[in-house]
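Undergrad: Here it is: the structure, laid out below.
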Amino acid sequence: MLKPIILLFFSNIFMTFAWYGHLKHMAAKPLVLAILFSWGIALFEYTLMIPANRIGINFYTLGQLRVMQEVISLSVFAAFAFVYMKEPLRLDYLWAALCLVGAVYFMFRGGGPVQ
């Protein structure tokens with residue numbers, strides 16, 4: 001089922017901007033403004049993440065949903081760091097991704113949820 005994966009992908013875009021976006025343009029602003037800005041973005045993140053997990057639990061185990069979330073999160077973060085924050089891509093992203101490939105293997109080798 002692709003719907004939870006798509007929702008988690010877009011949720012992670014909002015999450016990444018909520019967690020790190022303020023570092024680029026709001027560093028000189030008061031902390032309370034950065035917090036309120038991030039909360040506003042996080043609201044959109046939750047409106048996608050909650051349905052993604054509610055739909056996804058019907059097709060994936062809880063562990064599979066969590067590992068899927070981590071893979072998507074690292075993918076979105078790497079793109080965000082490179083494109084938006086202008087940070088260089090390092091081999092560390094590749095090594096982390098390879099570790100997640102192992103996590104995906106172990107979480108998905110047994111199939112979906114037991115009904």
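Undergrad: Show that you can apply the helix-only estimate: for the chain, add -39,500 (n - 2.57) for every DSSP H stretch of four or more residues, divide by all residues, and state [θ] at 222 nm to the nearest 500. Please list the in-between numbers first.
TA: Values: 5 runs with 80 residues, N = 115.
After summing the helix terms and dividing by the residues of the chain, the value is -23000 deg cm²/dmol.
Undergrad: Taking each pair of different alpha-carbon atoms in segment 28-67 once, compute 1/r for the pair, average those values, and report the inverse of that mean as the Kirkwood hydrodynamic radius in Å to one decimal. Each step should come with its number before you reach the end.
TA: Values: mean 1/r = 0.0840 Å⁻¹.
For segment 28-67, the Kirkwood estimate is 11.9 Å.
Undergrad: Could you give the length gained by full extension between Met26 and Tyr84, i.e. 0.36 nm per residue of separation minus their alpha carbon distance, to one decimal place? Provide the component values of the computation, followed by the final result.
TA: Details: separation 58, 0.36 × 58 = 20.88 nm, distance 1.41 nm.
Separation in residues times 0.36 nm, less the Cα-Cα distance, equals 19.5 nm.
Undergrad: Which of the following values of semi-axes √(5λ) of the Cα gyration tensor in Å was calculated from the structure shown: (i) 28, 19, 9; (ii) 25, 17, 14; (iii) 21, 17, 13?
TA: The calculated read-out lines up with (i).
Undergrad: What angle do you read, to the nearest 10 degrees and between 0 and 90, between the alpha-carbon axis of helix 31-56 and the longest principal axis of the chain?
TA: Helix 31-56 sits at roughly 20 degrees to that axis.
None of the figures in this text is laboratory data; all of them are computed from the coordinates on show. All of these numbers come straight from a predicted model, not from anything done at the bench.
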